[in-house]
Amino acid sequence: MAVVALTATLSGQAPDFKVQKYDIKGDGGTDYVTVEPATHRVFVSRSTHMMVVDGPSGKVIGDIPNTPGVHGAGLATKAGHGFTTNGGDQTVTMFDLKTLAVIKQIKVGPGLDGIMYDAPDDKIILTNHSRPIGTLTAINPDTGDIVATVDLEDTGPEGAAADGNGHIYVNNEGKSTIQVIDVKTWKATASWPLAPCDGPTGIAYDKTSNRIFSGCSHNSVVVDPTNGKIVATIQNGTRVDALGWDPTQKLMYIPNGGEGNVTVVHQDSPDKYTVVATVPTFPGAKTITVDPTTHTAYLFQPERGPVPPGAEPPAAPTGGRGRGRGPQGPVIAGWFIAITH
């Protein structure tokens, strides 16, 4: 296993950030990474399977096969169940969190993409790039039953975050808005424009300050949910596809896939934010997850070799997501990246 250690040294009283890179190998591309704080395991999507990595050591400790077109994982520790969104066959895999054994496949529909566990409302939440309109799906984590489907205003819903007061906030990448979902009625009740944010993806909610953080390329934003107004704008890099938040450290992590780094932002007050570091990671690493118990941020990105002569482009994306791409070289390394301070 290859391990590379780097340190981002900062002036003043800002923390030093250490980067460790582990080559966990494996086949397939990637989308989301998700940490389970109770066990410090990190679930890494790999196109057709889900790798499970011990976060502190960077060692692969499990694998969930047969997840075609997998995007991410939602982990309901209380119920003892995990779920994956499989865009390739329009299903969600429900599995046992302890053994990783598959319990059942849940047929949902086209466009499966984002997934998160809404702990306050005890629901697994899916955000789907479905047609003719995007949807949010709520699943009972105990039974795997679908309990609600909500029509959204955009075909490109991305991240979702719950506030614990009966609301779920959803980023809409196409319209650059946040929609508010009432979990009692399972209806959309408001839509807030996010300019200067263009194409919001990652999202987080901080209960202490009552603020929503919306990750976007170039300009991420902070929203006051009492009125839907933007209270702060943060400059960062490009190809942002997620956002991490450490509530006790008051640190926001914005992964910039285009530049191969992470913008780290400190919340000085509910409406004031300071960039404290730009931490190098790996080009293309655009999703992130934060373990709030160890204060570690994790990313993953495959490294590819040269494109073989005469190589055919990959098949068109399935599941309603993806813009397609040219021929790709073989995966020569799988970089699991940990940022600590």
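The values are calculated or read from the model by the stated rules, or taken from the named source; none is laboratory data. None of the values given here were measured: they were computed from a predicted structure. Methodologically, a virtual Cβ is constructed for each residue, glycine included, from the backbone with ideal geometry; neighbour enumeration extends over all protein chains shown.
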* To do: Give the residues of segment 131-154 that are in contact with an Asp or Glu (Cβ under 9 Å, 6 or more places away or on another chain) and not in a strand (DSSP E or B), sorted by residue number.
  => 133, 134, 140, 141, 142, 154
* Test residue 201 against the criterion of being under 29 Å from residue 107 (Cβ atoms), touching a strand residue (DSSP E or B) at 6+ places or on another chain (Cβ under 8 Å) and surrounded by 17 or more Cβ atoms within 10 Å (Cβ to Cβ), and give yes or no. => yes
* Any chance residue 337 is at pLDDT 90 or above, on the phi < 0 side of the Ramachandran plot, loosely packed, with under 14 Cβ neighbours inside 10 Å and not in a loop (DSSP other than H, G, I, E, B) -> no
* Only one of these is part of a loop (DSSP other than H, G, I, E, B), small (Gly, Ala, Ser) and over 18 Å from the mean Cα position of the chain (by Cα): 164, 237. Name it. => 164
* So which pairs qualify, if the first residue must be in segment 262-287 and within 17 Å of residue 235 (Cα to Cα), the second must be assigned to a loop (DSSP other than H, G, I, E, B) and modelled with pLDDT under 95, the Cβ gap must be under 7 Å, and the two must be at least 6 apart or on different chains? -> 276/10; 276/14; 277/10; 277/14
* To do: Can you work out which of the residues in segment 138-171 that are out of contact with any Pro (no Cβ under 8 Å at 6 or more places or on another chain) and at positive phi is surrounded by the most Cβ atoms within 10 Å (Cβ to Cβ)?
  => 144
* Structure fact -> (1) surrounded by fewer than 19 Cβ atoms within 10 Å (Cβ to Cβ); (2) over 17 Å from the mean Cα position of the chain (by Cα); (3) of a type in the set (Val, Ile, Thr); (4) under 21 Å from residue 276 (Cα atoms) all hold for residue 222 apart from (1)
